[in-house]
Amino acid sequence: MQLVRSGDRPPHLTQANTPAVSSEVEGHHELRPQTEQDEVDVRLDVEGSADAGTHSNSPERTQGEIASTDYPPGPSNPVAAVASHTNPEGKDGRENKDHKELLADSKSEHGATSQVSGPPLQPTEPIKYRRQNVVLPSYEPELLPDNTVVPESAQKQVFHRLLHTVTNWIYRKPAEEPRRVSILERLVRSPHTVRRIAVVGVHGWFPGKFLQRVVGEPTGTSGRFAEKMATAVRMFFSERYNIMLGEDAITLMPLEGEGKVERRVEILYRQLVESQQWRKKLWEADMVFFSAHSQGTPVSVMLLSRLIREGLVDVSRQKVCLLAMAGITHGPYPSLKSSMIVKYFEADAARELFEFNDANSEIAKKYVIAMRHMLSCGVRVVAIGSWYDQVVPLYSAVMHGFHHPNIYRGLYIDGADYSPDFMSHLVVFGLKLRNNGLSDHNLVVHLSDILAGNLYGFGTQGHSAIYEELNTYTLAVAWTMGAKPAWSIPPRPSAPWTSNAMVSQSLSAPSRLNPYYLPWIMARLIDDPAIRGHPTLRKDLDDLLKMYEIWEPSTKQLKEMRYRLEPLRSRL
């Protein structure tokens, strides 16, 4: 069905051959010239008859009948309106339905004997309420106005760099605990000019034929990660700084090689070093991005740490960021270890991933050491988990065991699964706590099992869908260009290999979570003085408690969760 606008009059409806239509006024009929609105109705009747087959001889629709098919913009309940991450006005339940589904709804509402001719009009603003893929929490509102790439005068650059050097020397001692940044550090920033950017893509492990339909085909994904990141960089610089990067400003370096983690680190390192062009571009770059997925996350961490140690990446003059998408930091779901697919159809590389479940395993210890060194040098990390991931639990994807201000945690939710209700807000609230340097009392850990996807291909394939979303990469660019967090630690480009400038808990993946821990966790969050004293987080917590009142879960698992959280009512 196509609506004809007033200015697009078809040739057969020009002024010369415009027909007259009949309108009923006070019980009698009269002829009047056809108006532009009548042209729309005529067009609807002509095209609607092709779809419905019974509307060609129906009487004309009155304005009242047309108005009766308009959809309400959203819930009028102000509490329900709060339960939306992106649309404070709420949304209609039929926002994602196509024309046929809307027609079916109209028939069921008006009945078989309805005298409404033609299909119902489309909603006036359907796109406004249409669900889209989201990556939450967004970092865009937190970007400060001094995050600029516009070159300053030579005198200002020398002055700022001198202050920056002095500040780094004053705070050169390693900090065992994250601390709040001083006033002097807030006033000092090192101006940066971005002209050359290097983007490195690192794919995950090569699964067997059966799991390729679940976790995605790895061949070519490294190039896809690099291209997506390059697109996000260009869009961010264009929209925020009004800077159009040239064609040769970004160099893509897709790295490929399969095997266990340490073997892959060696293979990818040789690919970078043996290519003179890539090695030169990596050294000359003003910004370096690593885009990694799944097993590629520990591979990228160890690789990047090695490049920093050997001087191939200089964090003192380069802005470096690692985007970890569904990264296996604390291993996959422990329950998958006993799966027949893993036992009999997967290679050693897949079985090695379960060693990350144990924080005392050799590969997990090496990973922690590399992560500590990388973060101490000032590398920024964006850890994104996926809603309904079939392989990696959320606490593993968002690096729950690592506590450092350079880590920003987020969650990707597919538009088909996104519902701005109590559950989605609760998960995002836990991530916000970690991003602000506060404890979530293991909330994310105990919610991870509820967000598990289906390994056999049913429903959303969250593990592979995450790297197709452009907003995932845009969040990494925004975090890289952002200012220092309020609880930041000064970078130490010359940090030793075994630096301890990071608080990490020995997190071993629990084989089975006790669901009755969740009410106690919520009680701790409500009584946490750090949360109550934070202006933004306190409001989020109050809104969360209100959303619980109107939350109506549909699945059995979520209904049981709501029942266990009934003590929350006493806090309302």
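The values are calculated or read from the model by the stated rules, or taken from the named source; none is laboratory data. Everything quoted here is computed from the prediction, not taken from an experiment. Virtual Cβ from ideal backbone geometry, glycine too; neighbours counted across all protein chains shown. What goes into the accessible areas is simple: the full protein's heavy atoms, side chains included, and nothing from ligands, DNA or RNA. Shrake-Rupley method; radii C 1.70, N 1.55, O 1.52, S 1.80 Å.
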Is there a residue in region 334-352 that is under 27 Å from the mean Cα position of the chain (by Cα) and either closer than 25 Å to Leu433 by Cα or not in a helix (DSSP H, G or I) (or both)?
no
Selection within region 546-572 - closer than 24 Å to Tyr388 by Cα and in a helix (DSSP H, G or I):
Met547, Tyr548, Ile550, Lys556, Gln557, Leu558, Lys559, Glu560, Met561, Arg562, Tyr563, Arg564
Flagged in region 235-274 as modelled with pLDDT under 95, closer than 21 Å to Ile466 by Cβ and either among the charged types (D, E, K, R) or not in a helix (DSSP H, G or I) (or both), in numbering order, are Glu256, Glu258
Tell me, please, whether a residue that is in a loop (DSSP other than H, G, I, E, B) and either of a type in the set (Phe, Trp, Tyr) or modelled with pLDDT of 90 or more (or both) can be found in region 472-486.
no
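Residue by residue, here is whether (1) out of contact with any Pro (no Cβ under 6 Å at 6 or more places or on another chain); (2) part of a helix (DSSP H, G or I); (3) modelled with pLDDT under 95 holds:
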| residue | (1), (2), (3) |
| --- | --- |
| Gly410 | yes, no, no |
| Tyr418 | yes, no, yes |
| Leu426 | yes, yes, no |
| Val445 | yes, yes, yes |
| Asn454 | yes, no, yes |
| Thr460 | yes, no, yes |
| Ser464 | yes, yes, yes |
Residues (crowded, with 18+ Cβ neighbours inside 10 Å and either modelled with pLDDT of 90 or more or of a type in the set (Lys, Arg) (or both)) located in region 332-357:
Pro332, Tyr333, Glu352, Leu353, Phe354, Phe356, Asn357
For region 439-451, pairs from a residue that is without any contact (Cβ under 8 Å) to a residue 60 or more places away in the chain and open to solvent by 30 Å² or more (accessible area, probe 1.4 Å) to a residue that is part of a helix (DSSP H, G or I) and among the hydroxyl-bearing types (Ser, Thr, Tyr), with Cβ under 6 Å and 6 or more apart or across chains, are none
Region 231-269 - residue that is within 26 Å of Tyr139 (Cα to Cα) and hydroxyl-bearing (Ser, Thr, Tyr) and, of those, surrounded by the fewest Cβ atoms within 10 Å (Cβ to Cβ)
Ser238
Can you tell me which residue is most open to solvent (accessible area, probe 1.4 Å) among those in region 314-327 that are modelled with pLDDT under 95, of a type outside the set (S, T, N, Q) and not in a strand (DSSP E or B)?
Arg317
Can Ala350 be described as farther than 22 Å from Val477 by Cα and touching a residue at least 40 places away in the same chain (Cβ under 8 Å)?
yes
Could you list, in sequence order, the residues of region 512-553 that are touching a Ser or Thr at 6+ places or on another chain (Cβ under 9 Å), open to solvent by less than 60 Å² (accessible area, probe 1.4 Å) and farther than 21 Å from Leu438 by Cβ?
Leu513
Of the residues that make up region 274-287, is at least one open to solvent by less than 10 Å² (accessible area, probe 1.4 Å) and without any contact (Cβ under 8 Å) to a residue 40 or more places away in the chain?
no
Quick one: is Gly311 part of a loop (DSSP other than H, G, I, E, B), surrounded by 16 or more Cβ atoms within 10 Å (Cβ to Cβ) and of a type outside the set (Lys, Arg)?
no
